[in-house]
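J.: Sending over a structure as structure tokens; questions will come in a sec.
The values are calculated or read from the model by the stated rules, or taken from the named source; none is laboratory data. Being a predicted model, the structure only gives us computed values, none of them experimental. Neighbour counts run over all protein chains shown; Cβ positions are idealised from the backbone, glycine included. Calculation scope for accessible area: heavy atoms of the full protein, side chains included, ligands and nucleic acids excluded. Shrake-Rupley method; radii C 1.70, N 1.55, O 1.52, S 1.80 Å.
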Amino acid sequence: MARRSLALLAVVLAYLQVVSATSWLRQFTTDGTVRKGYDASGQQVVMLKLDRNSGAAGLNSKQQYLYGEFSFEMKLIRGNSAGTVSCFYLSSGTDDWRDEIDMEFMGNSSGQPVVLNTNVWANGDGKKEHQFNLWFDPSADYHTYTIIWNPTNILFKVDNVFIRSFKRYADLPYPSSKPMTLHATLWDGSYWATEKGKIPIDWNSAPFVVSYRSFYANACVAGGACNAGRGGWMRKRLNGAELGTVRWAERNYMRYNYCQDGWRFPQGLPAECSRK
Ligand SMILES: *[C@@H]1O[C@H](CO)[C@@H](O)[C@H](O)[C@H]1NC(C)=O
């Protein structure tokens, strides 16, 4: 490409980034009660609300992606959020062979820890949870939650801390061919979210509100452009220090690991559990 058109492209890309920072909601369709506003710094904030009558609220990306780096800043529900689930996930659909990558926040009674559930589904098998208590109050302020999905691994990050890497093995199912829609949703997960369903939603605490801002997607769009070079997400693997933060999170904050749940897998743990 000629140097001049490259320079022009750079200008256009810079402009697109500014536009997406201020009005990223345009990249989504919405369900349920969704409110938008701007915070003190001029950033667009989108709030999902849940009350007894409204049903689930959510955002669904208009584009579908096949690999990418995705993040949101989220401020979770204040006070009693038991029974609610706020999340950010990629999904190829609702069929029995779907692929999915989840970051789900399971609410709790006031003052009790919110649990972050990370999960990967490949070909409809989604029993691969790693769950963590967070080391801060996720309702007090915005924190950045990131999913990096590339052909070698799926990485989960909280602020600047990697907490999980899900590796691909050539002989095991891995999300690699089905384009996924990105969703951000808030729903009533009373039947499982808090202490395995013991604490349902208390509608007296409604409306429940979760706020999202700073949507970021550096991704391959299905059937379109693939901006894979920038930031190196396409080739990203954890380095030694980053593997160290994964071990730190596992040692100090992990509350569930499917690879340690023999009761759930009487025929033996999933194959990747015994791989390096
Ligand atoms: C809620 O709080 C209880 C008590 O501290 C804790 O055992 C549980 O892991 C917390 N999270 C969920 C999602 O139940």
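J.: Restricting attention to the range 236-246, does a residue exist that is without any contact (Cβ under 8 Å) to a residue 60 or more places away in the chain and surrounded by 10 or more Cβ atoms within 10 Å (Cβ to Cβ)?
T.: Within the range 236-246, one or more residues are without any contact (Cβ under 8 Å) to a residue 60 or more places away in the chain and surrounded by 10 or more Cβ atoms within 10 Å (Cβ to Cβ).
J.: Give the range 112-167 a look and list any residue that's of a type in the set (Lys, Arg) and open to solvent by less than 10 Å² (accessible area, probe 1.4 Å), or say none.
T.: Arg164
J.: Related question: Test Tyr212 against the stated conditions and say whether it is within 24 Å of Ser61 (Cα to Cα), assigned to a strand (DSSP E or B), more than 16 Å from the ligand (Cβ to nearest atom) and open to solvent by 70 Å² or more (accessible area, probe 1.4 Å).
T.: Here the answer is no, as Tyr212 does not meet what is asked.
J.: What is the residue count in the range 81-111 for residues that are within 11 Å of the ligand (Cβ to nearest atom) and in contact (Cβ under 8 Å) with a residue 12 or more places away in the chain?
T.: Total meeting the criteria: 12.
J.: Sort out which residues of the range 184-208 are open to solvent by less than 30 Å² (accessible area, probe 1.4 Å) and within 9 Å of the ligand (Cβ to nearest atom), and write them in order of number.
T.: Selection gives Ala193, Thr194.
J.: Looking only at residues in the range 41-80 that are hydroxyl-bearing (Ser, Thr, Tyr) and within 19 Å of Thr146 (Cα to Cα), which one is surrounded by the fewest Cβ atoms within 10 Å (Cβ to Cβ)?
T.: Among those that are hydroxyl-bearing (Ser, Thr, Tyr) and within 19 Å of Thr146 (Cα to Cα), it is Ser71.
J.: What single numbered condition from (1) in a strand (DSSP E or B); (2) within 16 Å of the ligand (Cβ to nearest atom); (3) out of contact with any Gly (no Cβ under 6 Å at 6 or more places or on another chain) fails to hold for Tyr67?
T.: Tyr67 satisfies every listed condition except (2).
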